[in-house]
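Enquirer: Pasting a structure below so you can have a look.
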Amino acid sequence: MEIKQLITFKIAAENLNFTETAKILNFAQSSVTAQIKSLEKELDTKLFERLGKKLYLTESGRQFKDYAEKMITLSEEAKLVTSGIQEPSGTLVIGAQESQCTYRLPPLLKEFKHQFPNVKLVFKPAHSDEMAKEQLLKGNLDVAFIMDVVKPSDSLTMETLIQDDMKLVASPKHPLASKAKVSTKNLEHETLLLTDQGCSYRTILEEALREADVFPSNKFEFVSIEAIKQCVMAELGVALLPAMVVERDLEAGRMKELKWEQTVPPFFTQIAWHKDKQLTIPLQSFIELTRRTLKDHQLN
């Protein structure tokens, strides 16, 4: 199999459209089709299937995509080494919320620094998902982690990595902690401990309150999630936070999950970059390492 075939397969697997793939690669569509068929013949399996007018990856195609990406990256690294170019260097500017930096990214960053010791990583706080998207569009970030419901974007490539549960939490001594069910109306006279404006899960909480005609008068707003956690444990109010942030505190009995009757839509950690962004070897490797690390974490 040729690297050209692997690149064609990778692009086709990302957009699931042979016509679009041909435009991106500046090929004739017949060339894209021929390369995919040749690859399928060599692998002795179907990589794509067409259901109606839509194209889908088969299970074999989904499995092969990871290997194709690894082989493309290795090929590019080999070209650098054999051409005498030094080990990749430069800077990656990454946008991420505090929760991601504290609870999810450290193992990933350790592995990346092992692979690319000469690449500098710069983290910029993304207190809201809208802020992160705006900075990506302006070119101020190379890549960003976004925690939100899945939304389409015309200018950004957004890839879903892992589902995140949200939990409404309070101190174990809080009066609502002993209730079998907590309604949105029960929150009317409570102090809400909130993240910054624009944070996706703050928005969900506030929308739920408005729909129930509940308008709490006491709200504390924080930049730091760790500060919110400390205030929850100090019995100052209730907060809606990602499960990864509070799971250890719940297990240790420092917090209590409130049995909120409200259905919270599924949230997902997504990695995003501008569609026109040049994927350097470090950036492409960071994206692929993120995929493997977080998806493996979800499976475990």
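The values are calculated or read from the model by the stated rules, or taken from the named source; none is laboratory data. Because the structure is a prediction, the values reported are computed rather than measured. Neighbour counts run over all protein chains shown; Cβ positions are idealised from the backbone, glycine included.
Enquirer: Taking region 262-284, which residues are at pLDDT below 85 and farther than 25 Å from A212 by Cα?
Expert: D276, K277, Q278, L279, T280, I281
Enquirer: Just name the residue that is farthest from A68 (Cα to Cα) out of those in region 17-49 that are basic (K, R) and outside any loop (DSSP other than H, G, I, E, B).
Expert: K23
Enquirer: Still on this structure, I have one more. I need every pair where a residue in region 232-249 that is assigned by TED's automatic domain parsing to the domain that holds I204 has its Cβ under 7 Å from the Cβ of a residue that is of a type in the set (G, A, S) and part of a helix (DSSP H, G or I), sequence separation at least 6 or different chains.
Expert: As it stands, the answer is P242/S99; M244/S99; V245/S99, since those pairs meet every condition given.
Enquirer: How many residues, within region 90-109, are modelled with pLDDT of 90 or more, small (G, A, S) and farther than 10 Å from A126 by Cα?
Expert: Summing the residues that are modelled with pLDDT of 90 or more, small (G, A, S) and farther than 10 Å from A126 by Cα in region 90-109 gives 0.
Enquirer: Output the residues belonging to region 31-54 that are surrounded by fewer than 16 Cβ atoms within 10 Å (Cβ to Cβ) and of a type in the set (A, V, I, L, M, F, W, C).
Expert: Selection gives A34, L43, L51.
Enquirer: Is it fair to say V149 is surrounded by 18 or more Cβ atoms within 10 Å (Cβ to Cβ) and closer than 30 Å to A13 by Cα? Steps first, answer last, please.
Expert: Working: surrounded by 18 or more Cβ atoms within 10 Å (Cβ to Cβ): no; closer than 30 Å to A13 by Cα: yes.
No.
Enquirer: Let me ask something else. Filtering region 115-159 down to residues that are under 16 Å from the mean Cα position of the chain (by Cα) and among the hydroxyl-bearing types (S, T, Y), which residue is nearest to E226 (Cα to Cα)?
Expert: S128
Enquirer: I need the full set of residues from region 171-189 which are surrounded by 12 or more Cβ atoms within 10 Å (Cβ to Cβ) and over 13 Å from A212 (Cβ atoms), in order please. I'd like the intermediate steps shown before the answer.
Expert: If we filter region 171-189 for residues that are surrounded by 12 or more Cβ atoms within 10 Å (Cβ to Cβ), which is where we start, we get 171-172, 174, 176-177, 179, 182-188.
Result: S171, P172, H174, L176, A177, K179.
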